[in-house]
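Please treat every number below as a calculation from the coordinates, not as lab data. Owing to the predicted nature of the structure, the values given are computational and were not obtained by experimental measurement. Cβ: placed from backbone, ideal geometry, glycine included. Neighbour counts: every protein chain shown.
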Amino acid sequence: MSERSLGGHSLTSSERPSRSFGKNRTCKEPGCETQLSMYNSGKYCYRHEPMAVPRTRGKKIA
């Protein structure tokens, strides 16, 4: 390093790895062979994931 360069530090104090949920998992929908990401905690692919309505406090949904 030269006299004018700066050094950097990590923004987090923890160096833990990303959470993973196993490799070679497939969608649980019968007949679907979509491979799920090891970082996806769900049991279904995007196409077969059951619809979830978000909780909206004090707001009307049209």
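Here are a few things to note about the model shown:
- Each listed q (0.22, 0.27 Å⁻¹) maps to a log10 I(q)/I(0) for the chain from the Debye sum over equal C-alpha point scatterers, namely -0.92, -1.10.
- Taken about its Cα centre, the chain carries a charge dipole of about 440 debye when Lys and Arg each add +1 at the Cβ and Asp and Glu each add -1 at the Cβ.
- Most fluctuating residue given options 15, 33, 49, as computed from a GNM of the chain linking Cα atoms under 10 Å: 15
- Neighbour-limited loop hits for chymotrypsin sites (Phe, Trp or Tyr not before Pro), segment 12-62 (at most 11 other Cβ within 10 Å; DSSP other than H, G, I, E, B): 39, 46
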